[in-house]
Amino acid sequence: MTGINQSQVHRNLFGSPKRRTRTLDKLCKYAEAASASPMPDPTSSRILMHAVALVWDGSDDQARRIADVLMAMKQAKL
């Protein structure tokens, strides 16, 4: 109904968008919801970036695993 493909809708609804985009605005308008304030930039957190640097080996595979752990924490509301 919005003309936005399913993968973009899923990414915006469940992927914690990093910034406010036209797609996010369009979804919010469709849902008659106000757009949320811009998401904070995770790279601005030295603590978070230091932790990632300590555990990430630089591979895409491990990046996905770290992202999966973070998303599981979000779903568990930790």
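The values are calculated or read from the model by the stated rules, or taken from the named source; none is laboratory data. All values reported here derive from a predicted model rather than from experimental measurement. Don't worry about glycine lacking a Cβ; one is built from the backbone with ideal geometry, like all the others, and counts go over all protein chains shown. To get the accessible areas, we keep the full protein, side chains included, count just its heavy atoms, and leave off ligands, DNA and RNA. Shrake-Rupley method; radii C 1.70, N 1.55, O 1.52, S 1.80 Å.
Here are the numbers for this structure:
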quantity	calculated
Kirkwood Rh, angstrom, segment 39-78 [1 / mean 1/r, Cα pairs]	11.0 Å
Sulfur and carbon atoms: percent of accessible area, the chain [1.4 Å]	59 percent
By average C-beta atoms within 10 angstrom, highest first, the peptides 54-64, 19-29	19-29, 54-64
5 angstrom amide H check on residue 20, placed H, neighbours 5+ away	39
Solvent-accessible heavy-atom area per residue, rounded to whole Å², over the chain at 1.4 Å	88 Å²
Estimated FRET transfer efficiency when R0 is 30 angstrom, pair residue 23-residue 69 (beta carbons, to 0.05)	0.70
Phi-based couplings in Hz for segment 2-13 (Karplus 6.51, -1.76, 1.60; Gly and Pro marked x)	8, x, 9, 5, 4, 5, 5, 4, 4, 4, 6, 7
